[in-house]
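Scroll down for the structure; my scribbles are underneath it.
The values are calculated or read from the model by the stated rules, or taken from the named source; none is laboratory data. Please read these numbers as outputs of a predicted model, since none were measured by experiment. Every residue, glycine as well, gets a Cβ built from its backbone with ideal geometry; the counts of neighbours run over all protein chains shown. Note: accessible area is taken over every heavy atom of the protein model, side chains too, but ligands, DNA and RNA are not part of it. Shrake-Rupley method; radii C 1.70, N 1.55, O 1.52, S 1.80 Å.
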Amino acid sequence: MDKPTGSFDADAHAAQIREQGFTVIRDFMGADALAAFRATLRPFLGSHRGRNDFEGFETERVYTLVARGKVFEDLATEPRLMALLSRFLEGNFLLSATHAINLMPGETAQDIHTDDGFYRQPRLSPAVGYSVIGAIDPFTAANGATEVIPGSHLWDEAEIEARRAAPGGLEALLVPMEIPAGACFVFPGKLLHRGGANRTSRPRLAFTNQYCAGWARPQENFFLSVPKEVVRTLSPRAQALLGYELWPSFMGMVTGSHPKKSLEPGWTPPIVAQASRRWDQSTFRLLRKALNQS
């Protein structure tokens, strides 16, 4: 990643999140990082359009972004971002989802939603997940900038329904996140928001990285989607974000061992090794029996 300009006050950004439900990091990516993002993503574009209205029928999505290039790994583990998230997610929190979003002309707005609605936690409980949305192209009200409802992360279900029933409904409260290329914004998964409509003639490229508490199940199953050969090449921080770390005291263990042991060369799952030994002993007994009968 490019060297950030100025100092970064994680506590000040965390205070903005607590008060209004989001904060903007305006210098998150520099020109070099933006160029690297575009160049590395280019081979993967054009292969997957949304399968429903939420994904977006006119939206290209590239999933499991963290494992597709160093620039994406660096975005997921960016030090300022890690410092900010640590104000809310304790210990070894996890990467929950990571993908690029290329909003094509003609794409319609999403329904208003939250990003962690699948966690069955009361609305007033601490957020289980936090989302990052980064602008590769500038976000404008016309090209589909994410629209948020400031303060909605503090509402309970009753207040949401009351505001939905008021004149104009929730749509009247939406504010477009108009930010320049290279900026990102961070918000708790409880914040009401939606992807806007692209009413321009050009695509709008972005990415999202979403994180969750170390005890929660991530949206993407990285154990299946990222081969161990790739995981071994990632930084220790990225490996931990993918789940190769323990949540105290032993959540995430692998047959009683630390999950990072599974990345060691030649590692065999204990259940496979034990089954192999049983097979060898059984074979030995059969051979001995055959020899005794001959």
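For the range 143-202, the fraction of C-alpha pairs farther apart than 15 angstrom is 55 percent.
Summing Cβ point charges (Lys, Arg +1; Asp, Glu -1) relative to the Cα centre of the chain gives a dipole of roughly 1520 debye. Dipole orientation for the chain: of the candidates 205, 79, 8, 79 has the Cα lying most toward the positive pole (charges on Cβ; Lys, Arg +1; Asp, Glu -1). The peptide list 86-96, 127-137, 34-44, put in order of mean Cβ contacts within 10 Å with the highest first, becomes 127-137, 86-96, 34-44. The Rg/Rh ratio of the range 1-126, with Rg taken over Cα atoms and Rh as the Kirkwood radius over Cα pairs, comes to 0.98.
Note that the range 1-95 presents 50 Å² accessible area per residue, ligands and nucleic acids not counted, probe 1.4 Å.
Here the spin labels are modelled as points 7 Å beyond Cα on the Cα-Cβ line, and at residue 249 and residue 156 they lie 3.6 nm apart.
For the pair residue 202 and residue 257 in one chain, pulling the backbone fully straight at 0.36 nm per residue adds 14.8 nm over the alpha carbon distance. Residue 223 exposes around 120 Å² of accessible area when a 1.4 Å probe is run over every protein chain in place.
Could you list the residues of the range 78-96 with an amide nitrogen less than 18 Å from a label point located 7 Å from the Cα of residue 40 in the Cα-to-C-beta direction? It comes to 78-82, 95-96, nothing else.
Among the listed values [x] 55, 39, 38; [y] 53, 49, 36; [z] 91, 43, 41, the one computed from these coordinates for Cα extents along the principal axes in Å is [z].
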